[in-house]
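*Asks:* To start, I am sharing the structure in question, which I have written as structure tokens.
Only the coordinates and a few stated rules stand behind these numbers; no lab work does. Just so it is clear, the structure is predicted and the values come from calculations on it, not from any experiment. Here the Cβ positions follow ideal geometry from the backbone for every residue, glycine too, while neighbour counts run over all protein chains shown.
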Amino acid sequence: MLPEKNRLKKQKDFDSLFKNANTAYTKNFIMKAVPNNEDASRFAFMVSKKVSKRAVDRNRIRRQIRELIRLNLENITPGFDILIIVKATPTTLELKYNEIEKQVLFCLKKLRLQATSYKLQAKK
């Protein structure tokens, strides 16, 4: 579970995301990001019923993405609101965790939200 400070909840924040966000795409995901002027990045996840009518399937994808973000939180640049939208493609439900990880991390790199190895070495 993501810490409370890393969750995006307010409607005005979502409105800001849809209006002003930079966007990255992969085959199964859309990622939108906008600066939030805070010291932590906040995340939200959207999986529509077009992906699957079964809540079990939608929640499984959401849980996997949430866990992936939680594990990589220290490598993600702070100060952004990030929305991850799951596309309704025929292959979405068959994605394995490592495939989800590749696509989400690709979006983070494309939006320049993932810390480089240089920054990680400087912290040590």
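*Asks:* Remind me, relative contact order of the chain in percent, using alpha carbon pairs under 8 angstrom and six or more residues apart? Write down the numbers at each step before the final one.
*Replies:* Details: 177 pairs, mean separation 41.1, N = 124.
Taking the mean separation of contacting Cα pairs over the length of the chain, I get 33 percent.
*Asks:* In segment 4-116, what percentage of the DSSP-assigned beta bridges are antiparallel, given to the nearest 5? Walk me through the intermediate numbers first.
*Replies:* On the way: 12 of 19 bridges.
Around 65 percent antiparallel, to the nearest 5.
*Asks:* Nothing charged except the Cβ atoms of Lys and Arg (+1) and of Asp and Glu (-1): what's the magnitude of the dipole of segment 1-90 about its Cα centre? Round to the nearest 20 debye.
*Replies:* Values: 20 positive and 9 negative charges, 139 e Å.
My answer is approximately 660 debye.
*Asks:* Something else about it: Explain nothing, just compute: Karplus ³J(HN,Hα) = 6.51 cos²θ - 1.76 cosθ + 1.60, θ = phi - 60°, for every residue of segment 38-43 in order, whole Hz, x for Gly and Pro.
*Replies:* Along segment 38-43, the couplings run 10, 8, 9, 7, 10, 10 Hz.
*Asks:* Mean shadow of the chain, computed from the convex hull of its alpha carbons, in nm²? Don't skip to the answer; put the middle values down first.
*Replies:* Values: hull surface 31.4 nm².
Average of the hull's projected areas for the chain equals 7.8 nm².
*Asks:* What net charge do the residues around residue 37 carry, taking every other residue with its C-beta under 15 Å from that of residue 37, with Lys and Arg at +1 and Asp and Glu at -1? The partial results should precede the final answer.
*Replies:* Working: positive: 5, 10, 12, 42; negative: 13, 38, 39, 81.
Overall, the nearby charge balance is 0.
*Asks:* List every residue whose amide H lies under 5 Å from the amide H of residue 115, counting only residues 5 or more places away in sequence or on a different chain, with H placed 1.01 Å from N in the peptide plane.
*Replies:* Under 5 Å from the amide H of residue 115 lie the amide H atoms of 76, 77, each far enough along the sequence or on another chain.
*Asks:* Further question on the same structure: Contour minus end-to-end for residue 20 and residue 55, with contour as 0.36 nm per residue of separation and end-to-end as the Cα-Cα distance?
*Replies:* Values: separation 35, 0.36 × 35 = 12.60 nm, distance 3.01 nm.
Extra length from residue 20 to residue 55 when fully extended: 9.6 nm.
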